[in-house]
Structure formats: C-alpha cells, structure tokens
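Novice: Can you read through this structure? Questions will come right after.
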Amino acid sequence: MSKLENLTPERVFHFFEEISAIHRGSGDMEAISQYCIDFAKKHNLRYYTDELRNVVIFKDGSKGYEDAQPVILQGHLDMVCQKTEESTIDFLKEGLDIYVDGDFVKAKNTTLGADNGIAVSMVLAILESDTIAHPPIEAIFTTDEETGMYGAKALDMSILKGKRMVNIDSEEEDCITVSCAGGSDFKATKKHERISKTGDKVNLTLKGLRGGHSGIEINSGKLNANKIIGKALSVLAHELDFEIISINGGDKPNAITNRCEVELCVSGEYEEVITSVLNDIKAEFTDAEKGLVFEVKIEKNCECETFGEELTTCITEILATTPNGVIKMSENIENLVETSLNLGVLYTDDDELVLHYALRSNKKAGLLKLEDEMVEFFKKYNFEIKTFGHYPPWEYREDSAMRDMYKELYCEDFGKKPRVEAIHAGLECGVFASQIEDFDCIAIGPNIFDAHTVNERLSIKSTQAVFDTIVKLLAKMQ
Ligand SMILES: [Zn+2]
C-alpha cells in the first residue's frame, strides 16, 4: 500500500511518492531525468533533454487557452542528501523511506527532498491533468541546482517561448519572492618574500563567533572574524612593534568567517598592551557576538620568518579599511540588502597573501560598480586581482503581472496579504532572467521546514493550498 495514498492533492502526492523512491542526490541525475522523459513519452508530450540531463516538457494550452502566451513552470530535480548517524541508506542506490506525521511528510533518518521534489510533483500533476485550465506550458526540470545551478546555466533557452515563469523552489507559502542576487568571487593576491627576525612569537586566535550565510545573513548583525582581527591589528600597530608571520581566517568566501588566527613576531614590552587592546575590542563587540573570545599564546625568543614591516603595515591597513558587509540597501524593497560583500577567506602561505571575497548584488549595475570599487581599493596596494564565478541577478520589476495576479489570488485563498520579498542570494530565476527578455517571474512554494537537514518536512495542508492557488493562477493566464 502506498504511504501517501490518502493525502490530497492526490496526484501531487502520488508523484511525490514515486520520485521519493528514485535516488537523485546532486550529481546523480540519470534515473530521475529518465523518469521525467518516460512520463513525457507516456503522456504523448513533446520533450527536450540535453547533456546535463535537464528535461523540458511542452504541453499545449487547454481548450480556450491555445493562443495564450506560454508559461514556464520550473523546479529542480536534485536534492541535498543528508542522513543521521544510524541511517544505512546508500544515496546512490536507494530511495527514501517517507512517512506521514500529523500535517507533515518526512523521511526516516534523511533529508526529504521536498526541496525541490514538491515542485516536480506539482508540475507533473498539472501536465498529467486534463481538467486543469492552462496556457501552453513549458515545464522545466533542471539538474544539479544545489551544487551550483549547473543545469540551469547550461540549458539552451532558445528552445523556450515563455517569458513568464513560476519557479516553485521557495519554502514559505506566505512569501512571493520577486528578485534574487547575482554575484561573483573577488580574489586579491600579493606575492612576497619572507624576512628573518628575532622576537617573541605571539599567536592571537579570535573564535566563538556565530558565522553564517554571507548573503541571507549579511545584515543579521553577525560579525566577520577577519574584520575584527583587522581592527585589533590596527589598534596594536599604534603601540607595538610587530610583523606578521601568518594570518588565517575562514575557508569559504560565502560564509561569514567565525574564526581568525594571526601569528606575530613582536619585540619590546607587549603583554599588557595586548591584554588591554583585546579587552577593549571584546567589550566593543560582545553585545553582537556573545561567544567572542581571544586566545593568546606566547613563545619567547624565536627565529621568525615574517612578511616584513612594509607588508605588515599594508595587511593591517587593508583589513582595517576594506569594505565588508552591507554596501547598499534597496530603495524598492524594504529591508533588502541590495549590494554586499564578505571577506570569507584570508590566508598567508609561504610566499603570498590571499583575500577572497564573495560579492553580491540584486542589481547587475550594483555588482559591476562593487567590482570596480574593489579593483580601485586594491590598486594602491599593488595586488593581483581576479574576479570569477559570476552568476546573474534577477532584478525586481516595477510592473509584474505575475506578481499582481498571484498576490490577488493569495489574498482570496488565504485571507491575508502575502509577503513580497527579494532574497540576497542566488536562485535559478537569475539564470533565466539573464537570458529571457522581458522576463516576468515569481518564486513560490509550500511550507518546507529545515530543508537540507534530516529534519526536513513538508506541510501537507500548505501543499494543498499552494497547489490550489497555482491552479487558479494558470486559469487566469489566458
Ligand atoms: Zn531548492
């Protein structure tokens, strides 16, 4: 007997159960992609697939909607695979053990993959139906979204006619997402020779910060350890004679750095000064980061290989003055960070110093401007600069028929206004926005809690409600 048999919308949960039985972690797209192709064949629907195993299924408009503008319905096929310690699942071979618990569908000891299996299920249910009224549909199932939106980036969009899109990869039913950030990596490198110096080796470690996502949480008050160490060095530089031996903070540009360690070669009297400076800094930032601690270790009389006086001054100045965090707030959308950056990775190795930032903006022009400003900032220090890893933003549209229609339907169905939000992180919508002219899109979806974790759960009630609203939206798209 099927596990989701009594749930509604019945066909949505039917497909959800079927795809939950198919292994489909990112990078393992063959089986789920084939499932979609088989579906298209079985229902005599034209389809397209490519090397990355994206699948696009086309369906004509229903009666009376034949000549309407097409709509793109979109979700991704891959899921994040997480399991508990006791789980014995082999994600490359096995499906999930799903079950119902009150209003939730869950998977035993693993992620559920409702992100984004619920989009796939809803769209298949719509494609299968001969009672739902709809304009011509271009259903797009992308691959490997979770690891870098590879499917969407590689998809040949010239096969599409649709300019309006419903992305179903949002996880809060009361929220319509209308814009996402684009971004790039910015790396500044400086080669340098080591200089021998005798002195005490002082190791300062800053730890206990919360860390977080450098897009969504950039305005949450979480502090970047690299910036605080920069502040400490710049205050110490007024009172002490030191040279940097090494500095290391963070390993991902898109994570707010929660730890930074610097090793100094110091001469003269310094212990009291260091204690007092670190105490002051701790006092200054402790409200924002309660767990903040400094650890100091000292080794007397060492032969040190430092970066020398000049580069020490340069690193100190850069860390103290580098732009970091929120650069600009949006003028259109309340509380949205429009442009930001995060110094997520900072390290020295034998002969070089590297600073690696994640840059973001919900506007293309904002990202370009920030890149220019960073190039300008590093110019005076003679660093080698590289920008790479670009992904495009999905800009907010003043006039959006999609947003207006869904908003109105939501108000009718849910008896309250939805939140209209932009997110300061990348979505597949950005990739579509960059290639489809006059693109009009919303990102929506039913309530999914704790996605990407073993506690991931999908609300059944919310799935019903959001699906009903999508069906009504299609009917309006004449
Ligand atoms: Zn997703």
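The values are calculated or read from the model by the stated rules, or taken from the named source; none is laboratory data. As the structure is a computational prediction, the values presented were derived from the model and not from experiment. Every residue, glycine as well, gets a Cβ built from its backbone with ideal geometry; the counts of neighbours run over all protein chains shown.
Novice: Being more than 16 Å from the ligand (Cβ to nearest atom), within 25 Å of Glu428 (Cα to Cα) and either within 26 Å of the chain's Cα centre (by Cα) or not acidic (Asp, Glu) (or both), is that true of even one residue in region 74-90?
Specialist: First pass over region 74-90, keeping only residues more than 16 Å from the ligand (Cβ to nearest atom): 83-90.
Next, only the ones that are within 25 Å of Glu428 (Cα to Cα) stay: none.
No, region 74-90 contains no residue that is more than 16 Å from the ligand (Cβ to nearest atom), within 25 Å of Glu428 (Cα to Cα) and either within 26 Å of the chain's Cα centre (by Cα) or not acidic (Asp, Glu) (or both).
Novice: Scan region 373-388 residue by residue and report those that are without any contact (Cβ under 8 Å) to a residue 40 or more places away in the chain and β-branched (Val, Ile, Thr).
Specialist: Val375
Novice: Take Ala152 and tell me if it is surrounded by 20 or more Cβ atoms within 10 Å (Cβ to Cβ), closer than 20 Å to His390 by Cβ, of a type in the set (A, V, I, L, M) and not assigned by TED's automatic domain parsing to the domain that holds Asp440.
Specialist: In short, no.
Novice: Would you mind stating whether Asn226 is in a strand (DSSP E or B), touching a residue at least 24 places away in the same chain (Cβ under 8 Å) and under 30 Å from Ala181 (Cα atoms)?
Specialist: No.
Novice: I'd like the residue in region 431-474 that is of a type in the set (A, V, I, L, M) and closer than 15 Å to Glu412 by Cα and, out of all such residues, is surrounded by the most Cβ atoms within 10 Å (Cβ to Cβ).
Specialist: Restricting to residues being of a type in the set (A, V, I, L, M) and closer than 15 Å to Glu412 by Cα, the top hit is Val466.
Novice: Let me spell it out: the conditions are (1) away from the ligand (no atom under 16 Å from the Cβ); (2) over 24 Å from Gly151 (Cα atoms); (3) surrounded by 22 or more Cβ atoms within 10 Å (Cβ to Cβ), and Glu66 meets all of them except one. Which number is the exception?
Specialist: (3)
Novice: So which residues in region 141-192 are within 16 Å of the ligand (Cβ to nearest atom) and among the hydroxyl-bearing types (Ser, Thr, Tyr)?
Specialist: Matches in region 141-192: Thr142, Thr143, Thr147, Tyr150, Ser170, Thr177.
Novice: OK, next. Give Asp28, Asp67 a once-over and let me know the one that is farther than 18 Å from Ala139 by Cα and in the same structural domain as Ile442 (by TED's automatic domain parsing).
Specialist: Among Asp28, Asp67, only Asp28 is farther than 18 Å from Ala139 by Cα and in the same structural domain as Ile442 (by TED's automatic domain parsing).
Novice: Just checking: which of the strands (runs of 3 or more DSSP E) contained wholly in region 233-340 hold 1 or more residues that are over 30 Å from Val178 (Cα atoms)?
Specialist: In region 233-340, the matching strands (runs of 3 or more DSSP E) lie at 241-249, 260-267, 293-306.
Novice: It is to be established whether one or more residues within region 19-34 are modelled with pLDDT of 95 or more, among the acidic types (Asp, Glu), at negative phi and part of a helix (DSSP H, G or I).
Specialist: yes
Novice: Let me ask another. When residues of region 429-458 are filtered for being within 16 Å of the ligand (Cβ to nearest atom), not basic (Lys, Arg) and not in a loop (DSSP other than H, G, I, E, B), how many remain?
Specialist: The number of residues fulfilling the criteria is 10.
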